[in-house]
Amino acid sequence: MKIQYLPHTADVRMRISGSTLEELFKAGMIGMGNILKEGFCNKNNPIDNKKEIDIQAVDQTCLLIDFLSEILSLCYVEKSIYCKGEFPVFTATKIVGTIYGTHINNLDEEIKAVTYHEAQVRCKSDNQWETIVVFDI
């Protein structure tokens, strides 16, 4: 799993990769959490919040954006950052599972939206999944 933050004029760009599609999605969740509160998902925070998710989309790129958007909404509603997940159902078009988070008092950065701009989930020739995610801040 790899997360790389890229320069962008007004937004935050993040290149994520993983050895599986599920690992790519988890990298996106961790990367977004670390934007909301710097380095938060890299620490061993106590889990005190869990939410069930059930997301379906037409393809894996839409699924990733919908997945991250759902988590972002839950971050604001539940005042939590989610860094871990278990997904008994995980396909290119459907995720069912549980995300685990930690309540927080404040954010370092506010993300308005997860955008489709530049997003294209793909499996490269080295069998690594990769995409760029742009966050509107």
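No lab work stands behind these numbers, since they all come straight from the coordinates. Keep in mind that this is a model prediction, so the values were computed, not measured. Here the Cβ positions follow ideal geometry from the backbone for every residue, glycine too, while neighbour counts run over all protein chains shown.
Between residue 94 and residue 56, the distance separating the two model label sites (each 7 Å from Cα on the Cα→Cβ line) works out to 0.6 nm. Can you match Rg and Dmax of the Cα atoms in Å to one of these, (i) 16.1, 52; (ii) 13.8, 43; (iii) 21.8, 80, based on a calculation from the structure here? Given (i) 16.1, 52; (ii) 13.8, 43; (iii) 21.8, 80, the calculated one carries the label (ii). Taking GluC sites (Glu not before Pro) in DSSP loop conformation with at most 15 other Cβ atoms inside 10 Å as exposed sites, the chain has its longest uninterrupted site-free stretch at 39-108. A Förster radius of 35 Å combined with the Cβ-Cβ distance from residue 10 to residue 79 puts the calculated FRET efficiency at roughly 0.85.
By the rule of a second cysteine Cβ within less than 4.7 angstrom, the chain holds isolated cysteines at 62, 75, 123. Between the beta carbons of residue 117 and residue 49, assuming R0 = 25 Å, the FRET efficiency works out to 0.25 to the nearest 0.05.
Could you state the orientation-averaged shadow area of the convex hull built on the Cα atoms of the range 1-79, in nm² to one decimal? Mind dumping the intermediate values first?
Numbers: hull surface 24.4 nm².
Mean projected area of the Cα convex hull: 6.1 nm².
Taken about its Cα centre, the chain carries a charge dipole of roughly 240 debye when the Cβ of each Lys and Arg holds +1 and the Cβ of each Asp and Glu holds -1.
Farthest towards the positive end of the charge dipole of the chain, among the residues 77, 65, 18, is the Cα of 18, using unit charges on the Cβ of Lys, Arg, Asp and Glu. Starting from the Cα coordinates of the range 50-103, work out the convex hull volume and express it per residue in Å³. Per residue, the Cα convex hull of the range 50-103 comes to 60 Å³.
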